[in-house]
Every structure is written in C-alpha cells, then in structure tokens.
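Data first, discussion second: the structure below is written as structure tokens.
The values are calculated or read from the model by the stated rules, or taken from the named source; none is laboratory data. Please read these numbers as outputs of a predicted model, since none were measured by experiment. Here the Cβ is made from the backbone with ideal geometry for all residues, glycine too, and neighbour counts use every protein chain on show. These area figures cover heavy atoms from the full protein model, side chains too; ligands, DNA and RNA do not enter into them. Shrake-Rupley method; radii C 1.70, N 1.55, O 1.52, S 1.80 Å.
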Amino acid sequence: MFDFAKSNRGIFTIIAVVGGSLIAVALFMQHQMGLQPCNLCMFQRVFVIAAAVTAAVAALHGGIRDYLN
C-alpha cells in the first residue's frame with residue numbers, strides 16, 4: 001500500500017508536497033485572512049521553501065541508484 005514512500009524518490013516527493021502545502025497555507029493566511037507574519041515566521045518560510053525545492057530536485061533527479069544499475 002505504501003510502496004511509494006519506501007523509495008527515496010517517493011520520500012522526497014512527499015517532503016516537497018508537504019513543504020509546498022505549508023507555504024501555500026501560510027501565504028493564504030497572510031494575504032486572504034490578513035494575518036501579518038512575525039520575523040521568525042518569515043525566517044522559517046525561507047528554510048521551508050529551500051527544503052521543498054531541494055526535495056523536489058532530489059525527487060526529479062532520482063538518486064545515484066539509477067546510475068549504478
């Protein structure tokens with residue numbers, strides 16, 4: 001059932017989707033609900049975006065195992 005999450009590509013995809021969802025919710029709360037983020041929230045967004053982009057690139061790349069086989 002969870003074979004997708006057992007591979008590196010699947011785990012990186014999940015991390016990228018969760019990170020993107022967190023940023024989408026944060027932006028919705030800021031722009032639609034009118035909540036202003038604090039400095040720590042802005043600082044966290046940078047690292048969540050960096051982690052999501054890195055995970056997305058890793059998921060698209062596929063890892064070293066593709067080249068070894």
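Here M33 meets the list (1) in a helix (DSSP H, G or I); (2) open to solvent by 70 Å² or more (accessible area, probe 1.4 Å); (3) modelled with pLDDT of 95 or more almost entirely, failing just condition (1). For A52, the stated conditions do not hold, so it cannot be described as modelled with pLDDT of 95 or more and surrounded by fewer than 13 Cβ atoms within 10 Å (Cβ to Cβ).
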